[in-house]
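Notes follow the structure.
The values are calculated or read from the model by the stated rules, or taken from the named source; none is laboratory data. None of these values were measured; they are calculated from a predicted model. Note: ideal-geometry Cβ built from the backbone for every residue, glycine included; neighbour counts use all protein chains shown. With ligands, DNA and RNA removed, areas are computed over all heavy atoms of the protein, side chains included. Shrake-Rupley method; radii C 1.70, N 1.55, O 1.52, S 1.80 Å.
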Amino acid sequence: MTAIAVIGAQWGDEGKGKIAHLLAQDADWAVRFNGGTNAGHTVVVGEGQGSQTDSPSEFKFHLIPSGALHPHCAGVLANGMVIEPFSLAQEYEQLKQALGREPRLYISERAHLILPYHPIVERLEGAKSELDTTARGIGPAYQDKVARRGLRVGDLLHPERFCEKLKRNVERLLALYPGNDELARIRPDALADEILRVAEGFRSGITHTAELLHEALDRGETVLFEGAQGTLLDIDFGTYPYVTSSHATVGGVGVGAGVSPRRLDRVIGVLKAYTTRVGAGPFPTEETGKIGERLRGTGANPWDEFGTTTGRPRRCGWLDLVALRYAARINDFTELALMKLDVLTGLKELKVAVAYRCEGETIERFPPDAETLGRCEPIYEALPGWSEDIRGCRTWRELPGNAQEYVKFVEQAVGVPVALISVGRSFEETIWR
Ligand code: IMO
Ligand code: MG
């Protein structure tokens, strides 16, 4: 039995989808425990292992765990998620086509629903513009959850109850925002009918998912927990208020799936060989000039730094070891997966932040508030780059000496071994150490 969590160590978009898909080769279950349609995982199947199809196909999942693309792996959307029913129905169909049969996909009755008024509320409250969110209604859906008026997936099993709660929520919003056209156009009865109809597609999978996972672990099966977003976007431990609304750290497995983190055998921190952030908020190692552009790429390549969910260009910069040490503490990583090392190829000098300077003081701890972090200047160490194309490397020994030195520097500074290095987009372009 193995229970593994894959957790973003930075601001999301670390390449968790590739790692999760690789690890799910040996897993019986793949589980999402936080977030919703704000996540975007691109998985390319057919370029290497895991292929069910003859030609490579690309899957862009927002809700379904990437591991569920493996025929032997069941998927779980656990209670900590917020689920947009129309998107789920659509992704369910996509997965069904990829597998050539009905997917084994289970959805927690406790998970909350994102409803069409949530993105509207997000815009009205200004979160979209001030925080530069993904505008998917994530925040307002979690607000309803915490305010104890949310609609849950389990409500879909009771049409009358569902309809009544939906009506109550729409009425509340109309009272809050009188004269808002978009809200006024919502017809609760018709909307309820429509949602109940699309939910027919996945209704048979609605269940008590925590129980399923406990039983699977007791039977000795392997369960993979796929974190969405990253540590620095966690509602508690991230750069608040420039964060998402769920628990993207390892604690999210406990509250978001009902499985105690004590049961985890491995906690894998996924990080890029540099740093990116999409959306507003402090980012000490950001490079706005040439280096930033070079790291971002042009967008011609699907793995250039443009968002999977929103297409927004990502802010790019050097690796931040202060933030990574912090992420390793919070999550107690057992190992690291270092992604996109190939992007650094050709850069003469690689900088890594080893501490910050803030108002004349040197600090080595990640500050708890965004204002302080915003005043921090990185203190860099420079390492020599390499010019050899590393995409063909499959073993540690094949990596150029300077690339090895870079990896070892990260390992030592964070205090966690790098178990896997990604040197390209496809599954084979991976070095296991
Ligand atoms: P994956 O799973 C990168 C960011 C948004 C915004 C903030 C809040 O692909 O790593 P939200 O819509 O969640 O309320 O937005 O969080 N954000 C992400 N950034 N990757 C993600 O997911 C993200 N999900 C949310 O850009 O700054
Ligand atoms: Mg993303």
Among (1) open to solvent by 10 Å² or more (accessible area, probe 1.4 Å); (2) modelled with pLDDT of 95 or more; (3) assigned to a helix (DSSP H, G or I); (4) within 30 Å of Val223 (Cβ to Cβ) - the single one Gly150 does not satisfy: (3)
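With the requirement that a residue be among the aromatic types (Phe, Trp, Tyr) and in a strand (DSSP E or B), what does the stretch 200-234 give you?
Phe225, the sole residue that qualifies.
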Subset of the stretch 119-134 (residues that are touching a residue at least 40 places away in the same chain (Cβ under 8 Å) and either outside the structural domain of Val170 (by TED's automatic domain parsing) or crowded, with 17+ Cβ neighbours inside 10 Å (or both)): Ile120, Val121, Leu124, Leu131, Thr133, Thr134
Unique residue being in contact with a His (Cβ under 9 Å, 6 or more places away or on another chain), surrounded by 17 or more Cβ atoms within 10 Å (Cβ to Cβ) and in contact (Cβ under 8 Å) with a residue 60 or more places away in the chain when the list is Gly258, Gly254: Gly258
Single residue of the stretch 59-113 satisfying the filter (hydroxyl-bearing (Ser, Thr, Tyr) and in a helix (DSSP H, G or I)) that is nearest to His41 (Cα to Cα): Ser66
Out of Asp332, Asp342, Asp236, sole residue that is open to solvent by 20 Å² or more (accessible area, probe 1.4 Å), more than 12 Å from ligand 1 (Cβ to nearest atom), more than 18 Å from Phe366 (Cα to Cα) and not aromatic (Phe, Trp, Tyr): Asp342
Hey, Phe283 within 16 Å of ligand 2 (Cβ to nearest atom) and farther than 24 Å from Arg425 by Cβ or not: yes
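Select from the stretch 305-329 the residues that are open to solvent by 30 Å² or more (accessible area, probe 1.4 Å) and either within 15 Å of ligand 1 (Cβ to nearest atom) or hydrophobic (A, V, I, L, M, F, W, C) (or both) and write down the one among them that is nearest to the chain's Cα centre (by Cα).
Among residues in the stretch 305-329 that are open to solvent by 30 Å² or more (accessible area, probe 1.4 Å) and either within 15 Å of ligand 1 (Cβ to nearest atom) or hydrophobic (A, V, I, L, M, F, W, C) (or both), the one nearest to the chain's Cα centre (by Cα) is Thr308.
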Options Glu211, Glu164, Glu221: the member that is outside the structural domain of Pro116 (by TED's automatic domain parsing) and free of Cβ contacts under 8 Å to residues at least 60 places away in the same chain: Glu211
Residue in the stretch 176-199 that is open to solvent by 10 Å² or more (accessible area, probe 1.4 Å), outside any helix (DSSP H, G or I) and under 30 Å from Arg101 (Cα atoms) present: no
Per-region count, the stretch 243-264, residues within 16 Å of ligand 1 (Cβ to nearest atom), part of a loop (DSSP other than H, G, I, E, B) and within 19 Å of Val146 (Cβ to Cβ): 7
Failed criterion for Arg394 (all others in (1) without any contact (Cβ under 8 Å) to a residue 40 or more places away in the chain; (2) buried (at least 18 other Cβ atoms within 10 Å of the Cβ) hold): (2)
Some residue of the stretch 32-42 being away from ligand 1 (no atom under 15 Å from the Cβ) and at pLDDT 95 or above: no
Breaking point among (1) crowded, with 21+ Cβ neighbours inside 10 Å; (2) of a type in the set (A, V, I, L, M); (3) over 17 Å from the mean Cα position of the chain (by Cα); (4) at pLDDT 95 or above, for Val45: (4)
Residue within the stretch 36-51 that is part of a helix (DSSP H, G or I) and more than 16 Å from ligand 2 (Cβ to nearest atom) present: no
Filter pass, Asp320 being in contact (Cβ under 8 Å) with a residue 40 or more places away in the chain and over 30 Å from Ala127 (Cβ atoms): no
Selection from the stretch 279-295 of residues that are open to solvent by 50 Å² or more (accessible area, probe 1.4 Å) and within 16 Å of ligand 1 (Cβ to nearest atom): Glu286
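Residue-wise test of (1) out of contact with any Phe, Trp or Tyr (no Cβ under 6 Å at 6 or more places or on another chain); (2) open to solvent by less than 60 Å² (accessible area, probe 1.4 Å); (3) β-branched (Val, Ile, Thr); (4) in the same structural domain as Arg277 (by TED's automatic domain parsing).
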{"position": "Gly374", "(1), (2), (3), (4)": "yes, yes, no, yes"}
{"position": "Asp389", "(1), (2), (3), (4)": "yes, no, no, yes"}
{"position": "Val407", "(1), (2), (3), (4)": "yes, yes, yes, yes"}
{"position": "Val414", "(1), (2), (3), (4)": "yes, yes, yes, yes"}
{"position": "Glu429", "(1), (2), (3), (4)": "yes, yes, no, yes"}
{"position": "Arg433", "(1), (2), (3), (4)": "no, no, no, yes"}
Matching option when the condition is away from ligand 2 (no atom under 16 Å from the Cβ) and touching a strand residue (DSSP E or B) at 6+ places or on another chain (Cβ under 9 Å), among Gln90, Gln94, Gln10, Gln25: Gln94
